[in-house]
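Have a look at the structure below before the remarks.
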Amino acid sequence: MFKERIWGGTALHDQFGYQIPSKNTGECWAISGHPNGQSVVKFGKYKGRTLSDLYENNRELFGNYPSPVFPLMTKILDANGDLSVQVHPDDQYAKQHENGELGKTECWYVIDCKENAEIILGHFAKTKKELADRLEKGQWDQLLNRIIVKPGDFFYVSSGTIHALCEGILVLETQQSSDITYRVYDYERKEHSGEKRELHLKKALEVINVPNIGSKIDPIINKFGKNTITTFIQSKDFTVYKWEIHEKAKLVQDQPFQLVSLINGTGMLTANGETYHIQKGDHFILPAQIGMILINGNFEAIVSHP
Ligand code: ZN
């Protein structure tokens, strides 16, 4: 499922070979059980079933995980232009104000970016009043924290943190399964229709953390022979890893389920006596009872579980 966006580009085609709908394609919803863009099983016994249908009716595949909806989503975002400066609510606020949706904590793995590309992450206001004043006056330089990024960087963006990807960044995003964004600033841009996109200042002010809560992460790096597994974050919503595979490995799938996205290379995965060829741009879920898997090849993947 692809989403066209004012800030999108062609990197999802150029880098991943996906058939994108236009030159303004911003998002690939790679693994999603959200009603606004469902993943569908490509082959095998469950071919043609949506992820939410499988999750609702075959919960054993997901270790009988208790969340009423499939809790995670994996996207690839092509920020060819600047994304709006935005914030997402937490679970409690979203439940009350957004028809029971989940809140949205997200994180980004930078797959690629241009030199000196930036993100906005967090703000400097010390009080709600200062925040409101600066928002109203458009004092973005005094308010917003900018960070220069490079490929391989990882950022944790908890709900309530003001943020934006800026021009020239391709990220893999792991997030809660939610589609709620409160836009704070959109660079006075207009869509093709001539309309500006809506801002949501009132709700944004209610949910932005003041003072800002830091997003620092402490990756844990484990080497097994030539293979490396980096644990970027273990939070209440998700745990996210990077697998760097260069030789044969056995892995035990001991989580309710795991989401896997190949961002580079090719390899083989053997499970339950079947071998699958896997390559950059593939996304799949390792279900609960799969047990031991064998992997081999030369690839990098971002992996997550609740
Ligand atoms: Zn966001």
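As a rough guide to protection, the peptides 233-239, 136-142 ranked by mean Cβ packing within 10 Å, highest first, stand as 233-239, 136-142.
Using R0 = 25 Å, the C-beta based FRET efficiency linking Lys126 and Arg189 works out to 0.25. Here Lys226 is the anchor, and the lysines within straight C-alpha reach of less than 16 Å, apart from those fewer than 8 places off in the same chain, are Lys242, Lys248, Lys250. Each Lys or Arg adds one and each Asp or Glu takes one away; over the other residues whose Cβ falls under 14 Å from the Cβ of Glu136, this sums to +3. By the Kirkwood approach, averaging reciprocal distances over each pair of separate Cα atoms, the range 2-207 gets a hydrodynamic radius of 18.2 Å.
Computed over the Cα atoms of the range 212-306, the ratio of the radius of gyration to the Kirkwood radius (Rg/Rh) comes to 0.98. Here the alpha carbons of the range 132-238 define both size measures, Rg and Dmax, at 17.1, 56 Å. The residue among Pro21, Gln258, Ser32 whose Cα reaches farthest toward the positive pole of the charge dipole of the chain, with charges on the beta-carbon of Lys, Arg, Asp and Glu, is Gln258.
Rounded to the nearest 10 degrees, the angle from helix 128-137 to the longest Cα principal axis of the chain is 80 degrees.
Packing around the peptides 252-261, 90-99, taken as the average count of other Cβ atoms within 10 Å per residue, puts them in this order, highest first: 252-261, 90-99. Checked against a 32 Å cut-off, the cross-linked pairs Lys23/Lys47; Lys75/Lys129; Lys203/Lys236 give Cα-Cα distances beyond that limit for Lys75/Lys129.
Which entries in the list Lys150/Lys216; Lys42/Lys150; Lys3/Lys280 go over 25 Å, if you measure between the two C-alpha atoms of each? Beyond 25 Å: Lys42/Lys150. The spacing between the range 60-126 and the range 244-306, judged by their C-alpha centroids, is 24 Å.
Every read-out reported here was derived from the displayed coordinates using simple, explicitly stated rules and does not represent laboratory data. In this text the structure is predicted, and so the values were computed from the model without any measurement. For neighbour counting, all protein chains shown are included, and Cβ atoms are generated from backbone atoms with ideal geometry for every residue, glycine included.
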